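**Student:** There's a structure below that I have some questions on.
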Amino acid sequence: MPYRGSFMRIGIPVESGPNERRVAAVPTSVKVFTGWGLDAVVQSGAGESAGFPDAAYETSGATLVDSTAAAHECDIVLRVGPPAVDEIALMTPGSILVSFLDPFADTELIAACREQGITAVAAEAVPRTTLAQAMDALSSQATAAGYSAALLAAAESPKLVPMLVTAAGTVRPARVLVLGVGVAGLQAIATARRLGAVVHAYDLRPETREQVESLGAKFVEAPTQAADEGGYATEVDAETAQHQQQILEQYVADANVVITTAQVPGRRAPLLVTRAMLQRMQTGSVVIDMAAASGGNVEGTVVDEVVRVDGARVFGPTDLASRVATDASTMYSRNLHELVGRMRGGDGDEDRFAVRLDDEVVGPATIVHNGTVVHPRTREVMELPVDNVVVSEGTG
């Protein structure tokens, strides 16, 4: 890996994705990096939308640069969202990119990483193990997104969420249905409960019942089946899916708010809410489809748009975590500085940072290395392009 003068450089560019307000490193993480002997290079304005001004980075020891190119011409580059292909071209061969990469959903990006000769570490491919908890960016960002989804639903619903007893009469609490009880779903449940809603929730995995009930919600009695070895929900057959939808239909019809989070790694998100089910919902009902980016759990969902189906409105936001950018960035920054910390001591030199494929956390998260592309779950060497392969949070 190339050195820049006497220090290795770690770059934090401004995010280029639409509606992205998060930043990959906050000032407290910059202090950690400089304490390790890294020269932290931050593009001016990178943290502004998340509530971290340039002055805070300078105080933490960062070097501010004006151009996107300067923030990418580093030994390690940290990002939130997948970079554009032309941004990959700004990186130095032999450098390391750490970011959410959505590997294999857009093979052009992965191919660009390989062609540029960089090592690409995907934040979403960090194994979800006890050892890797502090580096689990999927969980931290799903927590932020689930919270944000519940607040978006409450803000958009024409109904008050809690029960109120007033001189003008009693207001019944809103009924919220959460489909998919992973990290995002659990946070959506907890937030809706704090707001005072009556919450029902469903997940294919039977072990989630205890988690649902521990938050004061009621578990929907519908078909369940064991998770896979990674703890993710598995794909169901057509008969089970039909039975599932028949049971969920009444719960959807009764709900003022439906929040869906269910995803299956490597596949399109399962369809849980049909147009016919939406048509039975009350006028003013709100549906938040958190799986919109991977195909959607709701029939007719459109990414980053609002679709009306009779009286219901279906939202397909992809920027939920970004809506609470300050804390989402703080958690993500911690995930990345812990992950980079595991790269210390490359080649036996404590002052050097390098990817070691035998590392229990960094190795499985490495998608491109030395011109080779590997599948983030099976670790098989892949030939590009690869069609219809998606890496997502799942319901784990």
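To keep it simple, each residue is scored yes or no on (1) touching a residue at least 40 places away in the same chain (Cβ under 8 Å); (2) hydroxyl-bearing (Ser, Thr, Tyr); (3) under 23 Å from Glu360 (Cβ atoms); (4) assigned to a loop (DSSP other than H, G, I, E, B).
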site	(1), (2), (3), (4)
Ala112	no, no, no, no
Val121	yes, no, yes, no
Glu124	yes, no, yes, no
Gln141	yes, no, yes, no
Ala150	yes, no, no, no
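**Student:** Can you find, within segment 152-170, the residue that is surrounded by the fewest Cβ atoms within 10 Å (Cβ to Cβ) among those that are part of a helix (DSSP H, G or I) and out of contact with any helix residue (DSSP H, G or I) (no Cβ under 7 Å at 6 or more places or on another chain)?
**Tutor:** Residues of segment 152-170 that are part of a helix (DSSP H, G or I), as a first pass: 152-156.
Imposing the further condition that a residue be out of contact with any helix residue (DSSP H, G or I) (no Cβ under 7 Å at 6 or more places or on another chain) reduces the set to 152-153, 155-156.
Working: Leu152: 18, Ala153: 26, Ala155: 9, Glu156: 16.
Only one residue fits best here, namely Ala155.
**Student:** Here's another thing I want to ask about it. Every residue in segment 360-376 that is surrounded by 16 or more Cβ atoms within 10 Å (Cβ to Cβ) and in contact (Cβ under 8 Å) with a residue 12 or more places away in the chain, please. Talk me through it step by step, then tell me what you get.
**Tutor:** Initial filter on segment 360-376 (surrounded by 16 or more Cβ atoms within 10 Å (Cβ to Cβ)): 361-369, 373-376.
Within segment 360-376, Val361, Val362, Pro364, Ala365, Thr366, Ile367, Val368, His369, Val373, His375, Pro376 meet the criteria.
**Student:** Select, from Gln141, Gln133, the only residue that is modelled with pLDDT of 95 or more, over 14 Å from Val199 (Cβ atoms), surrounded by fewer than 20 Cβ atoms within 10 Å (Cβ to Cβ) and under 19 Å from the mean Cα position of the chain (by Cα).
**Tutor:** Working: Gln141 fails: surrounded by fewer than 20 Cβ atoms within 10 Å (Cβ to Cβ).
Only one candidate passes the filter, namely Gln133.
**Student:** With the checklist (1) surrounded by fewer than 23 Cβ atoms within 10 Å (Cβ to Cβ); (2) within 21 Å of Asn256 (Cα to Cα) in hand, flag the one item Phe315 doesn't pass.
**Tutor:** (1)
**Student:** Further question on the same structure: Out of Gly61, Gly94, which single residue is surrounded by fewer than 20 Cβ atoms within 10 Å (Cβ to Cβ), touching a Ser or Thr at 6+ places or on another chain (Cβ under 6 Å) and assigned to a loop (DSSP other than H, G, I, E, B)? Give the steps one after another, and end with the answer.
**Tutor:** Numbers: Gly94 fails: touching a Ser or Thr at 6+ places or on another chain (Cβ under 6 Å).
Unique residue meeting the criteria: Gly61.
**Student:** Would you be able to tell me the number of residues in segment 330-353 that are in contact with a Gly (Cβ under 7 Å, 6 or more places away or on another chain) and either crowded, with 19+ Cβ neighbours inside 10 Å or β-branched (Val, Ile, Thr) (or both)?
**Tutor:** In the first step, residues of segment 330-353 are kept if they are in contact with a Gly (Cβ under 7 Å, 6 or more places away or on another chain); the result is 351-353.
Pick out the ones that are also either crowded, with 19+ Cβ neighbours inside 10 Å or β-branched (Val, Ile, Thr) (or both) and you get 353.
Adding up the residues that qualify gives 1.
**Student:** Any idea which of (1) assigned to a loop (DSSP other than H, G, I, E, B); (2) β-branched (Val, Ile, Thr); (3) buried (at least 24 other Cβ atoms within 10 Å of the Cβ); (4) without any contact (Cβ under 8 Å) to a residue 60 or more places away in the chain is the one Val181 doesn't satisfy?
**Tutor:** Among (1) assigned to a loop (DSSP other than H, G, I, E, B); (2) β-branched (Val, Ile, Thr); (3) buried (at least 24 other Cβ atoms within 10 Å of the Cβ); (4) without any contact (Cβ under 8 Å) to a residue 60 or more places away in the chain, Val181 violates only (4).
**Student:** Just one of the numbered conditions (1) under 26 Å from Ala137 (Cα atoms); (2) in contact with an Asp or Glu (Cβ under 9 Å, 6 or more places away or on another chain); (3) surrounded by 18 or more Cβ atoms within 10 Å (Cβ to Cβ); (4) at pLDDT below 90 is not true of Ala226; which one?
**Tutor:** Ala226 satisfies every listed condition except (3).
**Student:** What is the one condition in (1) under 25 Å from the mean Cα position of the chain (by Cα); (2) modelled with pLDDT of 95 or more that Lys159 does not satisfy?
**Tutor:** (1)
**Student:** May I ask you to list the residues in segment 284-334 that are of a type in the set (Asp, Glu) and outside any loop (DSSP other than H, G, I, E, B)?
**Tutor:** As a first pass, look at segment 284-334 and keep what is of a type in the set (Asp, Glu): 289, 299, 304-305, 310, 319, 327.
Of everything in segment 284-334, those that are of a type in the set (Asp, Glu) and outside any loop (DSSP other than H, G, I, E, B) turn out to be Asp289, Asp327.
**Student:** Right, something else. From Glu393, Glu299, Glu305, Glu383, which residue is under 23 Å from Leu151 (Cα atoms), of a type outside the set (S, T, N, Q), modelled with pLDDT under 90 and outside the structural domain of Leu131 (by TED's automatic domain parsing)?
**Tutor:** Of Glu393, Glu299, Glu305, Glu383, the one residue that is under 23 Å from Leu151 (Cα atoms), of a type outside the set (S, T, N, Q), modelled with pLDDT under 90 and outside the structural domain of Leu131 (by TED's automatic domain parsing) is Glu393.
**Student:** Checking the condition modelled with pLDDT under 90 and not assigned by TED's automatic domain parsing to the domain that holds Ala291, which residue from Gly363, Gly348 passes?
**Tutor:** Working: Gly363 fails: modelled with pLDDT under 90.
When all the criteria are applied, what remains is Gly348.
**Student:** Quick check on Ser29: is it without any contact (Cβ under 8 Å) to a residue 60 or more places away in the chain and among the small types (Gly, Ala, Ser)?
**Tutor:** Numbers: without any contact (Cβ under 8 Å) to a residue 60 or more places away in the chain: no; among the small types (Gly, Ala, Ser): yes.
No.
The values are calculated or read from the model by the stated rules, or taken from the named source; none is laboratory data. Note that the structure is predicted; figures quoted are calculated from it, not measured. Methodologically, a virtual Cβ is constructed for each residue, glycine included, from the backbone with ideal geometry; neighbour enumeration extends over all protein chains shown.
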